[in-house]
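See structure below.
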Amino acid sequence: MAFRIVVLASGRGSNFQAILDEIEKGNIAAEIVALFSDQADAAALTRAEAHGIPTQVLSKEGFASRRDYDEALAERVAAYQPDLVVLAGWMRLLSGAFLSHFPQRVLNIHPALLPSFPGLHAQRQAVEYGVKVSGCTVHFVDEGMDSGPIIAQRVVPVMPDDDEDTLAARILVEEHKLFPYVVGMFAAGRVHLENGKACIRE
Ligand code: GRF
């Protein structure tokens with residue numbers, strides 16, 4: 001049976017697209033079996049539909065608590081029996097009510113070199129701090145904010161005249177290489193987590 005991926009995306013979906021492109025080229029032995037969004041107008045939904053991937057929108061309205069939402073989301077995602085859950089621009093923190101259903105099987109990409117600049121507007125944080133390099137990080141998801149074990153990172157320079165947008169664009173080029181690479185390695189059984197530390201064995 002093919003390796004099954006469920007994607008969660010709140011917005012544009014360019015990282016989802018990058019992973020899908022590599023799957024369709026035959027470079028990742030996996031199938032994206034569903035895409036979920038918490039935003040009804042997410043461009044990621046349109047991208048998925050264009051490729052015949054089932055989509056579901058689960059907005060936070062109608063749920064009394066984060067726990068209720070996370071349980072409902074977990075139930076719907078679990079119905080697709082994923083081997084891996086990929087957060088590709090997913091803008092909600094996930095609690096144990098979701099994560100406990102998919103132990104060591106949820107990955108996220110963050111547009112900074114964690115543990116620096118977690119949370120929102122990571123690229124703006126990097127520019128404002130004045131760091132000279134930044135980049136992107138793919139990591140296992142835990143209940144914290146961008147705090148799970150780091151699997152892989154890529155570095156880009158920060159130029160003196162960068163603003164949030166120019167730095168974000170430079171980082172995004174690397175995101176679109178790094179995330180498909182890590183997903184492919186995970187699908188091939190080459191991502192390992194031991195004693196709280198993650199690594200890739202090629
Ligand atoms: C990316 O910068 C990613 O690192 C962050 O959210 C953004 C999502 O972009 N988590 P896209 O929706 O994949 O285009």
| query | So Gly144 clears everything in (1) crowded, with 17+ Cβ neighbours inside 10 Å; (2) more than 13 Å from the ligand (Cβ to nearest atom); (3) more than 16 Å from Ile19 (Cα to Cα) except one condition, right? Which one? | reply | (1)
| remark: The number of residues in the range 155-202 that are farther than 26 Å from Ile5 by Cβ and touching a residue at least 60 places away in the same chain (Cβ under 8 Å) is 0
| field | Count of residues meeting criterion [of a type in the set (Asp, Glu) and either at pLDDT below 95 or within 12 Å of the ligand (Cβ to nearest atom) (or both)] in the range 1-33 | value | 0
| query | So which residues in the range 114-123 are among the small types (Gly, Ala, Ser), within 11 Å of the ligand (Cβ to nearest atom) and more than 25 Å from Asp68 (Cα to Cα), if there are any at all? | reply | Ala122
| Checking Ile32 against (1) surrounded by fewer than 21 Cβ atoms within 10 Å (Cβ to Cβ); (2) in contact with a Leu (Cβ under 9 Å, 6 or more places away or on another chain), which test does it fail? | (1)
| remark: When the range 158-168 is checked residue by residue, the ones that are buried (at least 16 other Cβ atoms within 10 Å of the Cβ) and either hydrophobic (A, V, I, L, M, F, W, C) or more than 20 Å from Gly119 (Cβ to Cβ) (or both) are Val158, Leu167, Ala168
| remark: Only one of Val127, Val155 is over 27 Å from Ala78 (Cβ atoms), surrounded by fewer than 19 Cβ atoms within 10 Å (Cβ to Cβ) and of a type in the set (A, V, I, L, M, F, W, C), namely Val155
| query | Residue check: is Ala50 surrounded by 14 or more Cβ atoms within 10 Å (Cβ to Cβ), within 25 Å of Gly184 (Cβ to Cβ), small (Gly, Ala, Ser) and out of contact with any helix residue (DSSP H, G or I) (no Cβ under 7 Å at 6 or more places or on another chain)? | reply | no
| field | strands (runs of 3 or more DSSP E) wholly inside the range 34-113 that include at least 1 residues being more than 15 Å from the ligand (Cβ to nearest atom) and either farther than 20 Å from Val183 by Cβ or touching a strand residue (DSSP E or B) at 6+ places or on another chain (Cβ under 6 Å) (or both) | value | 55-57, 84-87
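The values are calculated or read from the model by the stated rules, or taken from the named source; none is laboratory data. All of these numbers come straight from a predicted model, not from anything done at the bench. Neighbour counts run over all protein chains shown; Cβ positions are idealised from the backbone, glycine included.
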